[in-house]
Amino acid sequence: MAAVATCGGDAGSVGSAVATASKSNVTSFQRRGPRASGTNDSSPRLVSITGTRPSVRNGQLLVSTGLPALDQLLGGGLAVGTVLLIEEDKYNIYSSLLFKYFLAEGIVSGHTLLVASANEDPANILQELPAPLLDDNCKKEFDEDVYNHKTPESNIKMKIAWRYQLLPKMEIRPVSSSRFGHYYDTSKRIPQELIEASKWHGFFLPEKISSTLKVEPCSLTYGYIKLLQFIQNIIYEEGFDGSNPQKKQKNILRIGIQNLGSPLWGDDICCTENGDSSHSLTKFLYVLRGLLRTSLSACIITMPTHLIQNKAVIAHVTNLSDIVVGLESFIGSERETNPLYKDYHGLIHIRQIPRLNNLVCDESDVKDLGFKLKRKLFTIEVDSTSL
Amino acid sequence: MLDSLLALGGLVLLRDSVEWEGRSLLKALVKKSALCGEQVHILGCEVSEEEFREGFDSQINNRLVYHDFFRDPLNWSKTGEALPGGPLGALRAMCKRTDLGPVTIALDSLSWLLLHLPCTTLCQTLHAVSHQDSCPGDGSPVGKVHVLGLLHEELHGPGPMGALSSLAQTEVTLGGTVGQASARILCRRPRQRPTDQTQWFSILPDFSLDLQEGPSIESQPHSDPHISPVDPTAHLTFNLHLSRKEREARDSLTLPFQFSSEKQEALLRPRPSQATSHIFYEPDAYDDLDQEDPDDDLDI
């Protein structure tokens, strides 16, 4: 498991830790007096990477998925070194939205991105990411959404009988990189300067494969082999696995793979039940997990499982992934007109949560969750009809 | 809706069956594109060229570019006329076209291609062909590409059908009642909800499209009259609503830690002696006035 050094063992990491702490003011506790010189400092310093936090349960390093509601359901966030698999809904509307939230969170937190797709150019995907809501706008957006539903007579400011009303309001600095989990406005696009300031690598399959290439049959589909090599190169060259000792700050690599398993990747798992490359997808996931576990990276994969013909493969894929979230949208189904489900656009099923360095996993008690795409927000709520 | 099918671009699947054939609709759409001035390519694999061109007048026939793969699909006669690479090579050649302007490619039929080519290769090629307009490499605007594929849905299993449906921008399923053909059009715009409409139509002998209103459907009684929602605040033992007077009283209530100016002055003003309350105390016989030894057990 990718571990974060908690106490400075050698001078090199202490030096980088001091540089980290002094560069980004991640806490509001200010040290009084002159700071002790870095080389003689014997107090343990936490090497903190922006956009991550340790889990409150077992200290596992977590990154946000981009949706604070989903983070809460998954036990705090996505653990570094794991795979989040999203089973796509039928028309791939909401799963691509979750994919974009994950990437947008990476840009806002300053992580490096790796976007792989077989049907869309990664540059186009990045252009369509939602815009982040900064702190001072955030509350306004929420109030706007909430007040739309309230009746006018209840629109009264709540009178607080406690002393807190007299306290001066705390100024929260709008430093977005020090927070964990941000809110996004899906009706606006991410500003261009944020994309340009971020570091990203794109993998677009039609560019990597020339159409006249004669591919000899092997155990892994050619597209998967190229993708794994690409990911491995990036991890090695940029030092996410610690192979090149990083003098600069440690960072997380966020990998996003879109529509894995669709025929556009060259995999016929969606076309036939027993095809030639029936084990290709499972082998890919196995190798990918090995790459992730030995590096500081987190991966999101969307997969059209509703197209996979062989149901046993879905079970294998679920076992080979860490977190599996299934989306079921009501579009086109009879539930769309059902008055029970009129508040929601679909259901979310948390199919699997991993047990990482643990005997128990962080399952939430609530199993029935519905989601709704409001005008600007994607919200996940407990399905009230099931209570 | 059916006539604006070609406005969107991308892959259009025409799913037909034995009862409702789709080739006439395909020919009607081809005729429409030709009349609009688009360049039309036909990949003919299932029927002969003469049969396909039958019913079109000469003006349209001159605009059609026909690639014949029916007569000699595997190029055994080696006349050199057939394109190298078969239908797949022809499709790939269309990916790399250099002339601008909108193009319509009609595949007759996609089922034939699915049965003769591996599904993944076909999907990848179709995707490359239908998405040319979205990636202008040299900056010049490339016209829209419409790919019309005729698919016989009874020939294929759910796997290939699902795979092609997920690729297609529009799916037209043919059906109907006795004497009237209908088309169920499912339109998937990227990132928007898919729209689903049914359009009744008929094809005239010269392959022009005639849109019609559907046959009169007798109004069906609504099953399950809508149950009025139960009001949960109906029979409660406590009062959830406030009358106006109560609300005014609540609003005018000052809270304990809310300092108004009157309260502040009342606290700061020095207390007048006559306003204070006094405590009158009569010491009892048993009361001990010695404060230092209340239990009276010190032996001093």
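The values are calculated or read from the model by the stated rules, or taken from the named source; none is laboratory data. Everything numeric in this text was worked out from a predicted model, so none of it was measured. Please note: Cβ atoms are built from the backbone with ideal geometry, for glycine as well, and neighbour counts cover all protein chains shown. The accessibility values were calculated without ligands, DNA or RNA, using every heavy atom of the protein model including side chains. Shrake-Rupley method; radii C 1.70, N 1.55, O 1.52, S 1.80 Å.
For the stretch B:52-67, the criterion of being at pLDDT below 85 and more than 25 Å from residue B:165 (Cα to Cα) is met by no residue. Please determine whether any residue of the stretch A:224-233 is buried (at least 19 other Cβ atoms within 10 Å of the Cβ), assigned to a helix (DSSP H, G or I) and either hydroxyl-bearing (Ser, Thr, Tyr) or at pLDDT below 90 (or both). Scanning the stretch A:224-233, I find at least one residue that is buried (at least 19 other Cβ atoms within 10 Å of the Cβ), assigned to a helix (DSSP H, G or I) and either hydroxyl-bearing (Ser, Thr, Tyr) or at pLDDT below 90 (or both), so the answer is yes.
The residue of the stretch B:26-44 that is nearest to residue B:3 (Cα to Cα), among those that are in contact with a Leu (Cβ under 7 Å, 6 or more places away or on another chain) and not in a helix (DSSP H, G or I), is B:40. Residue A:245 falls short on exactly one of the conditions (1) under 25 Å from residue B:122 (Cβ atoms); (2) at pLDDT below 85, and that condition is (1). Taking the criterion of being touching a Gly at 6+ places or on another chain (Cβ under 9 Å) and either facing chain A (nearest Cβ under 10 Å) or in a strand (DSSP E or B) (or both), the residues of the stretch B:168-187 that qualify are B:170, B:172, B:174, B:177, B:180, B:181, B:182, B:183, B:184, B:186. For the stretch B:238-255, a residue qualifies if it is more than 12 Å from every other protein chain (Cβ to nearest Cβ) and in a helix (DSSP H, G or I), and the qualifying residues are B:245, B:246, B:248, B:249. Checking each residue in the stretch A:203-222 for being surrounded by fewer than 18 Cβ atoms within 10 Å (Cβ to Cβ) and either modelled with pLDDT of 85 or more or within 14 Å of chain B (Cβ to nearest Cβ) (or both) picks out A:207, A:208, A:209, A:210, A:211, A:212, A:213, A:214, A:215, A:217. Mind checking which residues of the stretch A:295-343 are open to solvent by 40 Å² or more (accessible area, probe 1.4 Å), within 14 Å of chain B (Cβ to nearest Cβ), of a type outside the set (Lys, Arg) and under 27 Å from the mean Cα position of the chain (by Cα)? Once the filter is applied, which keeps residues that are open to solvent by 40 Å² or more (accessible area, probe 1.4 Å), within 14 Å of chain B (Cβ to nearest Cβ), of a type outside the set (Lys, Arg) and under 27 Å from the mean Cα position of the chain (by Cα), the stretch A:295-343 yields A:306, A:343. Looking across A:31, A:35, A:57, one residue alone is at pLDDT 75 or above, surrounded by fewer than 18 Cβ atoms within 10 Å (Cβ to Cβ) and farther than 30 Å from residue A:205 by Cβ. It is A:57.
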